[in-house]
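These notes are about the structure you will find just below.
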Amino acid sequence: MRQRLKGFLILISISFLLVYTVSEYFARKVDAEVEISSQRLNVLYNTHEVLYHMIAIQEGLYSLLSGTIKDPDFISENFPDLEEGVKALSTSISYIYYAGGDDAQFRIYSHHVEVIDALYPKFIDKIKIAVEAKEKREREKYLLEAIETGEGLEVISRELDTL
């Protein structure tokens, strides 16, 4: 009788250990999927942040170009928030890559963020050059270039938003 009881207890212990191991495996798998989904939501949130600040900067550029505002500091107030949004967007994409591996949606995200990372410094530099320009014609030239680059950034960000 004791041998049966020992055998039964060992069988129950092994069963419990197997069930616990399997449940931990699936729990970790679900946690990883939840975190990837959370990061995808972060991508959307940060995309909206980037779009918001891009639109604010572009409106300032148009106003500066048309002469309705004279103070370019209004434009540069959005730079830190835009930079933070771009960095957060890159971080979320990197997390999706490291945690979730390679999938079709990641490749699309990654491509768009690479384009944003490449255009963003050029956009900021063109704005700074335009703001510092003394001659009106030179300022208009750089403002038009900055507006064109900003429109490209906006298009890429909107595409990222629709994914």
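Considered as a group, the residues in the stretch 15-29 that are open to solvent by 90 Å² or more (accessible area, probe 1.4 Å) and not aromatic (Phe, Trp, Tyr) include one that is nearest to Arg158 (Cα to Cα), and that residue is Lys29. Consider the stretch 1-56 and keep the residues that are of a type in the set (Gly, Ala, Ser) and at pLDDT 85 or above. The one that is farthest from Gly85 (Cα to Cα) is Gly7.
Taking the conditions exactly as written (surrounded by 13 or more Cβ atoms within 10 Å (Cβ to Cβ) and closer than 20 Å to Arg40 by Cα), does Ser76 satisfy them or not? In short, no.
Only helices (runs of 4 or more DSSP H) wholly contained in the stretch 64-144 count here; list those with 1 or more residues that are without any contact (Cβ under 8 Å) to a residue 40 or more places away in the chain and closer than 19 Å to Val34 by Cα.
79-100, 104-132
Considering only residues in the stretch 83-107 that are at pLDDT 75 or above and hydrophobic (A, V, I, L, M, F, W, C), the one that is most open to solvent (accessible area, probe 1.4 Å) turns out to be Ala88. The number of residues in the stretch 30-85 that are within 19 Å of Glu154 (Cα to Cα), under 15 Å from the mean Cα position of the chain (by Cα) and among the small types (Gly, Ala, Ser) comes to 1.
Just to be sure before I move on: is Pro80 modelled with pLDDT of 75 or more and out of contact with any Phe, Trp or Tyr (no Cβ under 9 Å at 6 or more places or on another chain) in the structure I sent? Give the derivation first.
Numbers: modelled with pLDDT of 75 or more: yes; out of contact with any Phe, Trp or Tyr (no Cβ under 9 Å at 6 or more places or on another chain): yes.
So Pro80 fits the description; yes.
Of the residues screened, Ile129 is not one that is under 16 Å from Glu83 (Cα atoms), surrounded by 14 or more Cβ atoms within 10 Å (Cβ to Cβ) and out of contact with any Lys or Arg (no Cβ under 7 Å at 6 or more places or on another chain). Every condition in (1) under 17 Å from Val115 (Cβ atoms); (2) crowded, with 18+ Cβ neighbours inside 10 Å is met by Leu61 except one, and the failing one is (1).
The values are calculated or read from the model by the stated rules, or taken from the named source; none is laboratory data. Fair warning: this is a prediction, and the values are worked out from it, not measured in the lab. Because the Cβ atoms are built from the backbone with ideal geometry, glycine has one as well, and the counts that use them run over all protein chains shown. Surface areas here come from the heavy atoms of the whole protein model, side chains and all, with no ligands, DNA or RNA. Shrake-Rupley method; radii C 1.70, N 1.55, O 1.52, S 1.80 Å.
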